[in-house]
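For reference, the structure discussed in these notes is given below.
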Amino acid sequence: MESKAIKKKDIRSLTLEQLRTFFEENNYKPFRANQVYEWLWKKSVRDFDAMTNISKDLREVLRQYFVINHIAIDQMQQSADGTIKNAVKLHDGLLVESVLIPTPTRTTACVSSQVGCSLDCKFCATAKLKRMRNLNPDEIYDQVVTIDQQSRLYHNRPLSNIVFMGMGEPLMNYPNVTKAIDKITSQESGLGMSAKRITVSTSGVPKMIKKMTDDGAKFNLAVSLHSAIDSVRTQIMPFNETFPLKDLRDALAYWYAHTKRKITYEYVVWKGVNDTQKDIDALVKFCKYVPCKVNIIEYNAIGDPKFKQAEPEAIDAYKKALESTGVVVNIRRSRGKDIDAACGQLANKSK
Ligand code: SAH
């Protein structure tokens, strides 16, 4: 018998419109596509046979042309503080990580947007992996679904917030990140979460920040600043050479002018890197350009002796200086320390 090999497509790479067209072309009623779409996204099924309102022969046709790629938890670690860290295996065997972070008032999912990262931030474990590929929208969406399930199971409540602070630079995978966010926020074909509860964290790609603004993005924006002095920032985040602080500042002003949403600056203070009064003064000045708040993050050491958490006095000095000019400062303690929750650490280990 002659067998014609069809290269099966990931069915979730199709838009609803494309799926409807496929149905029409195969002489099925297009509304069936809506039903299938709901199974794929809203109900997150992993097998065509779970689509109980779809006839057996149609399920067979779908199976002939498509696969439903899905992620799987390869390794899960729970911290004493309730943080859960997952090493997530993708359909091609690559690994990323996603983390559930509970606090008394919220449960936050920290998700990845790329396998590895093309930026070369000197203090970040993910940078050591280099960028292997972008995540697809369904791979980002599935991380959120998985963490929501874990939140319900281990903390008896649904997921409340999402931050794009896992592996990768979300703005270097902007189309897929926005497609995933569209699904996460969609009432009809997704999770129906509010975009206000989503934060995209970027190392700061000015033209993409402008594009997001023009696209009418409804989520929040966080920028990993770490220094407001170009020469210092370029040393620790080399792409700052290409996207200097002035361009970043202009893009952020554009974002604020259109969205009226404050920007969060993420900032780690390292001993001997950015812990002087000059560094503090530069940040205070930078914070005047665009309404913002500052999260000072505790450093998770990745074994490089050049980067050591600064003394508490330096953090205090930052906090006092910023607060004296009216900037809200949060000091963020590291979560899940006992389970390698720092960016990129778990995936690095399982590799
Ligand atoms: N590429 C994006 C999102 C991923 S990194 C970005 O740069 O924002 C998420 C946050 O973790 C960033 O603020 C990053 O600077 C910070 N980070 C990376 N490695 C860290 C480490 N070892 N300890 C503490 N924060 C780290």
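The values are calculated or read from the model by the stated rules, or taken from the named source; none is laboratory data. Predicted model only: the values in this text are computed from it and were never measured. Backbone-built Cβ (ideal geometry, glycine too); neighbour counts: all protein chains shown. These area figures cover heavy atoms from the full protein model, side chains too; ligands, DNA and RNA do not enter into them. Shrake-Rupley method; radii C 1.70, N 1.55, O 1.52, S 1.80 Å.
Quick notes on this one:
- Summarising the amide proton neighbourhood of residue 10: residues at separation of 5 or more, or on other chains, whose placed amide H is nearer than 5 Å comprise 67.
- Taking a straight Cα-Cα cut-off under 19 Å and skipping sequence neighbours fewer than 8 places away in the same chain, the lysines within cross-link reach of residue 306 are 122, 128, 271.
- Summing Lys and Arg as +1 and Asp and Glu as -1 over all other residues whose Cβ lies under 10 Å from the Cβ of residue 117 gives a net charge of +1.
- Debye intensity ratio in log₁₀ form over the Cα atoms of the range 99-190, taken at each q of 0.14, 0.24 Å⁻¹: -0.52, -1.15
- 14 Å beta-carbon shell around residue 31, net charge (K/R +1, D/E -1): -1
- For residue 83, residues with placed amide H under 5 Å, excluding near neighbours: 336
- Mean ellipticity per residue at 222 nm, deg cm²/dmol - from DSSP H runs of n ≥ 4 across the chain, formula -39500 (n - 2.57): -11000 deg cm²/dmol
- Rg [Å, one decimal], Dmax [Å, integer] - the range 72-339, C-alpha atoms: 17.9, 52
- Backbone geometry of the range 150-166 corresponds, through the Karplus equation with coefficients 6.51, -1.76 and 1.60 at θ = phi - 60°, to 3J(HN,Hα) couplings of 5, 5, 5, 6, 9, 10, 6, 7, x, 4, 10, 9, 10, 10, 8, 10, x Hz, x marking Gly and Pro.
- Percent of C-alpha pairs per 10 Å bin in the range 154-255, short distances first: 14, 43, 29, 12, 3.
- 3J(HN,Hα) along the range 81-90: 8, x, 5, 10, 10, 10, 8, 9, 9, 8 Hz, from the Karplus curve 6.51 cos²θ - 1.76 cosθ + 1.60 with θ = phi - 60°, whole Hz, x for Gly and Pro.
- Per residue, the range 72-339 exposes 43 Å² of solvent-accessible protein surface, assessed with a 1.4 angstrom probe and all protein chains in place.
- Under 5 Å, built H, 5+ apart or other chain: amide partners of residue 293: 263, 264, 265
- Average Cα contact separation per residue, the range 9-67, under 8 Å, 6 or more apart, as relative contact order %: 35
- P(r) for the range 9-67, from all Cα pairs and a bin width of 10 Å, is 24, 68, 8 %, short bins first.
- Inter-centroid distance (Cα atoms) of the range 96-153 relative to the range 201-260, Å: 21
- Surface composition of the chain: carbon and sulfur atoms hold 51% of the protein heavy-atom accessible area at a 1.4 Å probe.
- P(r) weight above 14 Å for the range 266-329, C-alpha pairs, percent: 54
- Within the same chain, lysines fewer than 8 places from residue 207 are excluded, and of the rest, those with a Cα less than 20 Å from its Cα are 179, 218, 246, 260, 262.
- More than 20 Å apart - percent of Cα-Cα pairs taken over the range 195-351: 52
- Derived scalar couplings ³J(HN,Hα) [the range 14-28; Karplus, 6.51 cos²θ - 1.76 cosθ + 1.60; whole Hz; x for Gly, Pro]: 8, 7, 4, 4, 5, 5, 4, 4, 4, 5, 4, 4, 9, 6, 10
- Scaling against 2.2 N^0.38 Å puts the C-alpha radius of gyration of the range 1-158 at 1.24.
- Mean Cα-pair separation over length for the chain, i.e. relative contact order, pairs under 8 Å, 6 or more apart, %: 14
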